[in-house]
Amino acid sequence: MTNPLRPQGQNRSPLPPAQSSANGVPSPRPPQNQRGAPASHRAAAGAKPGDKQRDAFFDNAKYLAIVLVAVGHSWEPIKGDSRILEGLYTVVYSFHMPAFIIISGFFSRSFDMRADRLKRLITGVVVPYVVFETAYSLFKRYLDHSPGQEISLLDPWYLTWFLCALFVWRMTTPIWKLVRWPLPLALGIAMLASVSPEIGDDLDLQRVLQFLPYFVVGLCMKPEHFRLVRRRSMRIASVPVFAAALAVGWWAVPRMNTSWFYHRDAVQELAAPWWSGPVMVLALFGCSMLLTACFFSWVPGRRMWFTSLGAGTLYGYLLHGFLIKGADFAGWFDHAWLQRPLGEISVSVLAAAVVTVLCTAPVRRVFRFAMEPSMEWAFKRDAAEVARGREKNGKTTESGAREREKVSA
């Protein structure tokens, strides 16, 4: 029977809008003042037709952050006894991953347990983790001649910890949106993790929990918060802040264990008093947030030559590790001239250039099978999607019939 109170035919309730495909990290959205703007206005702002749904600021920030990640990894084998390079390394490590994680949290605000979002989480995070964890393990076993290197999806090696973390953080997003004080709770969890060596290395949970507050910060942030740190006064203030950070980093080299910045060990494993774990979590969180805000203040908000590369930062992140570790296994970093200023600058420039290439569209097309597989065969079709397809086919058939009637008339 039909419901007499419900309109029939063309007045029936519309189906839910189709969801655009995405990888593990949702696409940045344009600022509020550009949404719905005419095409001419978007063109004047430098937006290309294919990128009109992305905000240039976030793509720029992701690209610059991933360049710092690659440069920091290239410094690790050559910093040796260089106090200056160790100080730079410390400063970069205090904010490059927090910045990337905050952006990931910001674009996870809409995540829920809806089927299409869970599907994107599986294809954009879980599958790449399985593929790259296996690839990295085999890479180390045969190139570093480490027969003891096992393929274990429970023990991430090198860079794949971030995919584990992103999966855990994304799955807990509904909880953080539900509780009243998410950031204090996340900080409390990180502080407890820092004094809990029993957590072990499974899924690199120590690092997952200690970096958790930055993801929660991203969940709590709003677009106006990013606009606030991008003011001219903030850019000016960031100059002495970074200068002071470099001075403190240089001073702290012989006095502080750099492992604190990795957030992968409990305080007992760093041979420090138990109370220093919670204190360092809070202190590093404050320093990282300050330097991250200064970093965001200098990120350009307009389209740049590298803006489109922001869509491929996860490719650059996962792929550059093979080159860094391959060069290390081959002994390329052992040359004495690389320990000198000119060699250190050359390595930095080369690392930045390599990760830039790895973020480009041709590289993404080659590795999309591993990073963004569609895997339609593995999932049930959503009922609303099937209904939308039928409705679209019906409208197409009806339109074709009308065109034929016009031609025959």
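The values are calculated or read from the model by the stated rules, or taken from the named source; none is laboratory data. Note that the structure is predicted; figures quoted are calculated from it, not measured. Cβ sites come from the backbone with ideal geometry, for glycine too, and all protein chains shown count toward neighbours.
Brief remarks follow.
- Filter result for the condition that a residue is of a type in the set (D, E, K, R) and under 27 Å from ILE84 (Cβ atoms), over ARG232, ARG264, ARG227, ARG207: ARG264
- Some residue of segment 191-200 being more than 26 Å from the chain's Cα centre (by Cα), aliphatic (A, V, I, L, M) and over 18 Å from PHE162 (Cα atoms): yes
- If only residues of segment 83-108 that are part of a loop (DSSP other than H, G, I, E, B) and touching a Pro at 6+ places or on another chain (Cβ under 9 Å) are counted, the one that is surrounded by the fewest Cβ atoms within 10 Å (Cβ to Cβ) is PHE107.
- Residue check for ILE102: at pLDDT 95 or above and of a type in the set (A, V, I, L, M): yes
- Where MET221 falls short, out of the listed (1) crowded, with 18+ Cβ neighbours inside 10 Å; (2) touching a Phe, Trp or Tyr at 6+ places or on another chain (Cβ under 9 Å): (1)
- Odd one out for ALA311 among (1) in contact (Cβ under 8 Å) with a residue 12 or more places away in the chain; (2) within 13 Å of VAL69 (Cα to Cα); (3) not acidic (Asp, Glu): (2)
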